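Report on the following structure.
The values are calculated or read from the model by the stated rules, or taken from the named source; none is laboratory data. On a predicted model such as this, the values are computed, not experimentally measured, just so you know. Note that each Cβ is placed from the backbone with ideal geometry, even for glycine, and that neighbours are counted across all protein chains shown.
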């Protein structure tokens, strides 16, 4: 099978993994809240994210030792066990431990997908287009899944959601087992985390794009933990409504990422797109604390607007970074993916402080300021 055909299998793998996570990511906090209070909820996200950082620190070693395929299969298997257990067990201690495992596994699964896609990308001038397709395919799953949640969750019974989420990983396991390949360059190049950190420590545009990626993931972390709580507990929307809202909210990732990726390759470059995306994100987010209406249309419009900006920032940052790395730069790729679990440590820690002085809704003013700070870290040189 040639590289052009294999890249489509990577896209399919991205769809299946995204469908799996999208089903549970926005209900996780509500399910765990049935067992613990606010402070413990934040602590669990922190512990899970620390576990994710640990797996990503080990990722370059695991890939050199076992290869990308074996590492991928191991963590798919662990994730199936974790998600199925979360949805079906009633003993709090087991559910909380499995939730930490679930959080820890996410980043390394996406890391393995990144390595596979980068291995199949032969021309750097195609990075934006291929990354755009990669994310658009995943975002179709992210749009469909919340709609399914709106039908599956009845009277705060989340069990069907977690069962379906686990089932979605079975075809991914088979796909990786039979069709994915191990990039041979990983075995011949020592890509350590330490050397990658030293490279970033010296600053420059790679460092700036890392910071923007962290801020984007901080935005996502705050939204996935605290936005459902605002909509459910303060505004009073039921999950049948929240699921539809999230489906509409995520549509920009389908509508804008693919054309933005091609624009970054062929027309205006990433810098201008990053500035525009951050400004739209910040403006829309700043309105959340002031919207007290129960109007579905108003909330759908506002949340849709936040993701217009986020979708543009996401594809621009991804394109910029992956134009500067190869499939054997596992240390840098690992650190880049580590921005997500790090954000899931830092965001709840910040929330422990912020929520002492304000409520869930007003805390989005703080998120607006964090988003705006990204303008200070726009790369100086485009790749166009």
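Which one of these is touching a residue at least 12 places away in the same chain (Cβ under 8 Å) and under 21 Å from residue 179 (Cβ atoms): 74, 31, 63, 81?
Details: 74 fails: touching a residue at least 12 places away in the same chain (Cβ under 8 Å); 31 fails: under 21 Å from residue 179 (Cβ atoms); 81 fails: under 21 Å from residue 179 (Cβ atoms).
Sole residue among the options that is touching a residue at least 12 places away in the same chain (Cβ under 8 Å) and under 21 Å from residue 179 (Cβ atoms): 63.
With respect to being at pLDDT 85 or above, closer than 23 Å to residue 353 by Cα and either under 16 Å from the mean Cα position of the chain (by Cα) or surrounded by fewer than 17 Cβ atoms within 10 Å (Cβ to Cβ) (or both), residue 35 fits the description.
Taking the numbered list (1) without any contact (Cβ under 8 Å) to a residue 24 or more places away in the chain; (2) in contact with a helix residue (DSSP H, G or I) (Cβ under 8 Å, 6 or more places away or on another chain); (3) more than 30 Å from residue 157 (Cα to Cα) in turn, residue 313 passes all entries but (1).
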